[in-house]
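I have placed the structure first, in the form of structure tokens, so that the comments after it can refer back to it.
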């Protein structure tokens, strides 16, 4: 083992830079050289490489986004794309590759590893937090605090006027972000893909809050696979509840921002663990943190197994919202 | 002069509480008693009053929204509504009324004052900043910093991916908020009501940025009178530029948040000035700040005259964006 | 069981309000009435009570500090003080008491409970995070993010100039706050009470960073029991290293601020758990969270047993700092 | 005129990067080439140059500090140092130099310009805001918001406990920062170099607040030329007022952070104006903004004339604090 590569893939997430920094420092400390691959699998295919030494990772621990950039690469899903990616690794003497990303990244990694003789270790980085094998993904804590900041701001105005607000947050197949930011923000309603949406029931509850004299009501909506869906929900509710409503769509601003302490610490811990996993021969796994301890999950499980919403939170949801 | 009333009206804006606090302290210091009217003109009509003493205004200087709440009141636009509002003032011995709000508020004030024998002084508070007679309105500085924070966050992810972002900010008839936040954020394009929108020209310029190798492009859009309009612009552009795009709609979260230093200082200055205007017999005016000095503008001018965008900024817009 | 009391004691911590809110909602949901005791044990002795219903806890989830206020009460350490405190509970029909605080609070609770027939349940709230029986205390996450924000700001200027910065953070007997904020901030040195301070060694390392061409160096210092100690360390280092240095002392500003998502979620979870502990007859314990699960620790253990620094972090400290 | 140089000097201030960006874009737009001088006058003496093209200034508008770095250079105060600095300019074909800095910078510039045939234009950048010839200096607005954030955080805890807090902010010979942040924060007392400090009077007033039942009292202290002076004031007050007190010293964290909207807009406006001043032959001046309009002040006046505190604010100080 002489040289390790690092790439970020899929949607970027705050803390990816802190993870890169930790991985590079750990690799250098173990006598390895480190190559950065720019722009994810796409850069791996096209050989967009850069050297990662101590200077390259200075002053990045607090930066949002990823210095290595990231794209989605349809080409990597083809046999030819993978072959070219492998050639890049082979040609540049990269013995092992650390991949920071989400479900899609590890799905690709699983196939790549099956077809080619290559050492891969994954690190979960996605604000959706929907990766099995880790309680938290890098970027999630920053994203909930971002959404929470929006809820707090809306509450200022919600209690000045008498109004209904829909705040749309990210969350493709899962409601982690909506659930945790909604509970932390003490909102009235949380709509997530895990629970079926019933406009009638929602409207009835909103009507009750209105009667109870609540001065402002906030509904957090996970966008699911239909960004902008809040406009339709608001319009459907409008037909049943006589209440002016407003919509905010946070969109990609949830991906940005300087990472929180928790995200940087998780990112640093997993960055160190990824290199140690490489050195200990734990390839084919994603490193994660479950109940405070390091864990290792094979790529297939990370996206095939469904990660449940935290039971502790769903059980108190009704008590704390409404 | 024994008792002064204060109300907030129209859309709430961060800093209104700092203004209330300053006005109350100044009034008390001059031997006046102060009555707060809750929920704007609607509360004035219905006699929703509260006492504002030093205790009532403790620990509010940093709070978003308004402790007096605000609503829009269609009833106040009727002769009967105004008559009832006048009765409230008469009955409670309120000799003068300070109104914190925007265009609509001063439009109503102008009529109210013509028809009834009442002393009114206005203070400009609106994040739209579109009130003639003051360079800045209370809440505007907080709102541009809020929009700016969103731009900064999007930039993190914009430079990680190669993408086009539309960020929709407030601004009904005017582009102050979009213009200042866009220049401060160094975005590529700013679309405001003052300039006609040409999708072809916009698409051409976006295409050029793409060719020039820009890794991410941000377009700030003033919502005008059609909140959610960004989705239509994005979809129109999509037909001409081959670039994935994303939309964020800030909506009412721009109204919230703890006011910035500048907003609190402006709000405090104008709160003091409003009471002094009452004492000096300058009724019928809105107090404002023009080029750093206090100014007084009759209600009619505040909404009839069109406040121009700052020439200093429009002249450097092309230099600083693109 | 008919009525439960809640008080906050010791140093205040962000998230205490979210905890009060969750406890009150859970109690009401279980048919209990809730009495708030103001100003900690001192208010308990003097009978400073208030009713906590749903209205009382509206719009507090995001507020720093504690609506119940807190003081330190030497009187409660006397037999007579405790007797009077007991009388307050007895007289007002409070059957059980939830105490939100730190080490000192639980020390007092342990004695109180031994001497009087009273049902007590504790919740850990202290930015020092030094309570045994829970991985995290309410307020800690907000405090590390506050310290981290300071580190990030200093880094901006540290890399503009060539300089040495000492940033003093809280932490009486323990270095949790310095350790986690320092690792998250990627600082060069972390000085904590757990490790003996050697000025010579420190100076040697600082000299090395200087030689290695580092443009700015940040040392995080836990104040221990000597607030302001950084000035002495800076002055001792000055004699050995030829480098201009600057000191910042965060002090109590680390106690304030709107709580982070994590702190609000922890606070909400523990607030619910505290009432459930009361109902399940788990008195005499502090509820906490260990490795993601609820835990119950008798009062004595919470302050007698020494909570170790997280091994995962101390082991990677050298790798990530320097 | 073919090539313009840019340097930042003295203490760094948030917004310097936005200024550099605007100046570079304006210069390029006018067909000039731009050279960056690193590390202020020291780098000018030693020929530390870099090319500033459009790529170099991407993604810097929101960054604190200065990409060109800054140092204090005793050598530049010597005849020989200036001669070497001139040689650098001469050798590299730099026809004009834009200097972003404060009093000390313009003092040096005045001498440099007298002794050598060189075109200099200044831009005021200092969080102290003590430069004559401009209402605001770049960085000041960010710094007051930073100090204000600290005040708000302390207030959270001040109203939970009953306590006295001293918050020390920057301000060498002037109290701009303490005055504006203190008024915006609604603090009880503001101690600035412009007004003589009388411990007896201060103690008497603090005693009165205590009697009036104020739950927490905040005193903002300008450090003047004695950083850490708050500890002595606190200790002197302690002898006269029976009240526990705490000290926070913000120090250099006030210099950092992402610049506010206002600072970026001012920085951008002055960056454009500096290059235009070069092109219009207005050398020997600092460009500034007075009452909203561009202004030009010869170097000597910028530091010889005393900039007064804003009269509007000092006149309402007593009304708004206490």
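The values are calculated or read from the model by the stated rules, or taken from the named source; none is laboratory data. Quantities reported herein were computed from a predicted structural model and do not represent experimental measurements. Note that we place each Cβ from the backbone using ideal geometry, even for glycine, and neighbour counts take in every protein chain shown.
Before moving on, here are some points about what is shown:
- Counting only residues that are free of Cβ contacts under 8 Å to residues at least 40 places away in the same chain and either assigned to a loop (DSSP other than H, G, I, E, B) or within 8 Å of chain B (Cβ to nearest Cβ) (or both), segment A:210-227 holds 4 of them.
- Residues of segment B:64-99 classified as within 14 Å of chain A (Cβ to nearest Cβ) and either touching a helix residue (DSSP H, G or I) at 6+ places or on another chain (Cβ under 7 Å) or over 29 Å from residue C:59 (Cα atoms) (or both), total: 8
- Given (1) buried (at least 20 other Cβ atoms within 10 Å of the Cβ); (2) over 22 Å from residue A:277 (Cα atoms); (3) within 14 Å of chain B (Cβ to nearest Cβ), index of the condition residue A:163 fails: (1)
- Residue tally, condition touching a strand residue (DSSP E or B) at 6+ places or on another chain (Cβ under 6 Å), farther than 12 Å from residue D:169 by Cβ and within 14 Å of chain C (Cβ to nearest Cβ), over segment D:113-153: 3
- Set C:13, C:18, C:109: member being in contact (Cβ under 8 Å) with a residue 12 or more places away in the chain, more than 14 Å from chain D (Cβ to nearest Cβ) and either more than 30 Å from residue A:151 (Cβ to Cβ) or touching a helix residue (DSSP H, G or I) at 6+ places or on another chain (Cβ under 9 Å) (or both): C:109
- Selection from segment D:232-249 of residues that are more than 13 Å from residue D:192 (Cα to Cα) and touching a residue at least 60 places away in the same chain (Cβ under 8 Å): D:234, D:237, D:241, D:243, D:244, D:245, D:246, D:247, D:248, D:249
- Flag for residue C:207 being surrounded by 15 or more Cβ atoms within 10 Å (Cβ to Cβ), out of contact with any helix residue (DSSP H, G or I) (no Cβ under 9 Å at 6 or more places or on another chain) and away from chain D (no Cβ under 14 Å): yes
- Test result for residue C:230, modelled with pLDDT of 95 or more, out of contact with any helix residue (DSSP H, G or I) (no Cβ under 6 Å at 6 or more places or on another chain) and within 14 Å of chain D (Cβ to nearest Cβ): yes
- Answer from C:222, C:274, C:236, C:311 - the residue that is outside the structural domain of residue C:164 (by TED's automatic domain parsing) and in contact with a helix residue (DSSP H, G or I) (Cβ under 6 Å, 6 or more places away or on another chain): C:274
- Here residue A:281 fulfils each of the conditions (1) outside any helix (DSSP H, G or I); (2) in contact with a strand residue (DSSP E or B) (Cβ under 8 Å, 6 or more places away or on another chain); (3) outside the structural domain of residue A:153 (by TED's automatic domain parsing) apart from (2).
- Number of residues in segment C:179-191 that are more than 12 Å from chain A (Cβ to nearest Cβ) and under 27 Å from residue A:14 (Cβ atoms): the value is 2.
- Summed over segment C:216-227, residues that are surrounded by 16 or more Cβ atoms within 10 Å (Cβ to Cβ) and more than 14 Å from residue C:182 (Cβ to Cβ) total 3.
- Lone qualifier among D:144, D:94 - being surrounded by 20 or more Cβ atoms within 10 Å (Cβ to Cβ) and either free of Cβ contacts under 8 Å to residues at least 40 places away in the same chain or outside the structural domain of residue D:50 (by TED's automatic domain parsing) (or both): D:144
- Scope segment C:112-146; condition over 10 Å from the mean Cα position of the chain (by Cα), under 22 Å from residue A:144 (Cα atoms) and part of a loop (DSSP other than H, G, I, E, B); matching residues: C:135
- Within segment A:147-204, restricting attention to residues that are outside any loop (DSSP other than H, G, I, E, B) and out of contact with any helix residue (DSSP H, G or I) (no Cβ under 9 Å at 6 or more places or on another chain), the residue that is nearest to residue A:135 (Cα to Cα) is A:201.
- Residue list for segment A:11-37, restricted to those being in contact with a strand residue (DSSP E or B) (Cβ under 6 Å, 6 or more places away or on another chain) and surrounded by fewer than 24 Cβ atoms within 10 Å (Cβ to Cβ): A:32, A:33, A:35, A:36
- Among the candidates A:138, A:154, A:190, residue that is within 17 Å of residue C:58 (Cβ to Cβ) and surrounded by 21 or more Cβ atoms within 10 Å (Cβ to Cβ): A:154
- Residue under evaluation residue D:42, criteria (1) buried (at least 22 other Cβ atoms within 10 Å of the Cβ); (2) farther than 30 Å from residue B:182 by Cβ; (3) touching a strand residue (DSSP E or B) at 6+ places or on another chain (Cβ under 6 Å), criterion not met: (3)
- Among the residues of segment A:299-319, none is identified as part of a helix (DSSP H, G or I), closer than 28 Å to residue C:273 by Cβ and more than 13 Å from chain C (Cβ to nearest Cβ).
- Against the list (1) part of a helix (DSSP H, G or I); (2) within 30 Å of residue C:151 (Cα to Cα); (3) in contact with a strand residue (DSSP E or B) (Cβ under 9 Å, 6 or more places away or on another chain), the condition residue A:259 fails is (1).
- Applying the criterion of being touching a helix residue (DSSP H, G or I) at 6+ places or on another chain (Cβ under 6 Å) and in a helix (DSSP H, G or I) to the residues of segment D:243-256, the residue that is farthest from the other protein chains (Cβ to nearest Cβ) is D:254.
- In the condition set (1) farther than 29 Å from residue A:26 by Cα; (2) modelled with pLDDT under 95; (3) within 17 Å of the chain's Cα centre (by Cα), residue A:314 is compliant with all but (3).
- Hey, residue B:266 part of a helix (DSSP H, G or I) and within 9 Å of another protein chain (Cβ to nearest Cβ) or not: no
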